[in-house]
Amino acid sequence: MQTRRAFLITTALSGLSVALPAWAQHATLEPDMLADAEPHRRRYLMEDTYGNIVKDEDLQGKFVLVYFGYMGCPDVCPTSLSTIADVMEKLGEDTDDLAVLFVTVDPDRDTAQELREYLGFFDERIIGLRGPKAYTDHMVKAFNARYEFHIEDPEKPEEYSVDHTASIAFVDPGGRLIKRFPHGMHPDKITAYIQAAIRAAEQ
């Protein structure tokens with residue numbers, strides 16, 4: 001199901017106005033596990049695709065999935081978003097206790113409208129966030145994530161790829177990072193972990 005969904009979504013996305021690079025580099029820029037284990041609240045202030053300000057305080061009381069990526073990503077992001085969409089479908093009513101954030105690391109190219117349309121191909125409940133570079137970098141740092149722009153030909157600066165952290169961060173209702181789901185993890189395993197966390201919080 002996941003592979004078929006990813007194929008169908010990738011095919012559909014080819015019709016969007018955004019230009020997807022024919023090539024891309026993807027180093028797995030995964031965070032330091034010790035930094036992940038720090039129990040502090042992960043703070044941020046960004047803007048959603050409707051122009052609303054979104055702060056970490058706004059999602060207090062909910063579990064949150066956070067993924068950093070960009071619309072021009074030809075493989076890793078569509079696969080990860082497909083996985084997230086599968087998880088949300090499997091969770092059913094448990095999604096009432098969960099918010100999902102997709103944070104673009106390429107806000108200059110990923111406009112609000114295009115980002116909203118892009119995420120809608122996967123699941124309309126996924127909240128797209130974007131902001132100026134300083135705000136984006138602050139949120140990336142808050143979650144110990146990383147991203148790097150790569151311009152292969154200086155004469156064609158518009159043709160670039162972005163390496164970025166490929167795992168999905170899982171945040172508890174108090175805003176603390178409690179788990180990181182690696183890229184390629186099966187949706188069933190992610191779903192089971194989230195459901196167990198929700199049940200434990202209800203006790």
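The values are calculated or read from the model by the stated rules, or taken from the named source; none is laboratory data. Every value quoted in this text rests on a predicted model; they were computed, and no experiment measured them. Here the Cβ positions follow ideal geometry from the backbone for every residue, glycine too, while neighbour counts run over all protein chains shown. Heads up: the accessible areas ignore ligands, DNA and RNA and are worked out on the full protein's heavy atoms, side chains in. Shrake-Rupley method; radii C 1.70, N 1.55, O 1.52, S 1.80 Å.
Hand me the GluC sites (Glu not before Pro) from the range 53-97 located in a DSSP loop with no more than 13 other Cβ atoms within 10 Å, in residue order please.
Numbers: sites: GLU57, GLU89, GLU93; in loops: none.
When the GluC sites (Glu not before Pro) of the range 53-97 are filtered for loop state and at most 13 Cβ neighbours within 10 Å, nothing remains.
What percentage of the solvent-accessible surface of the range 106-203, computed with a 1.4 Å probe over protein heavy atoms, is contributed by carbon and sulfur atoms?
The nonpolar share, carbon plus sulfur, comes to 51 percent.
Please give me, ordered by residue number, the GluC sites (Glu not before Pro) of the range 115-203 that lie in loop per DSSP and have at most 16 other Cβ atoms within 10 Å.
On the way: sites: GLU117, GLU124, GLU148, GLU152, GLU155, GLU158, GLU159, GLU202; in loops: GLU124, GLU152, GLU155, GLU158, GLU159.
Loop-located and lightly packed - GLU124, GLU152, GLU155, GLU158, GLU159.
PRE reach from ARG41 (point 7 Å along Cα→Cβ): which of the range 167-181 fall under 13 Å by backbone N?
Those under the cut-off are 172-177.
Counting only heavy atoms of the protein chains, get the accessible area per residue of the range 51-126 (1.4 Å probe) and round it to a whole Å² value. Don't skip to the end; give the middle numbers.
Details: 2730 Å² over 76 residues.
Spelled out: the 1.4 Å probe surface of the range 51-126, per residue, equals 36 Å².
Test of understanding: what is the full-extension gain from ALA192 to ASP58, defined as 0.36 nm times their sequence separation minus their Cα-Cα distance?
Separation in residues times 0.36 nm, less the Cα-Cα distance, equals 45.7 nm.
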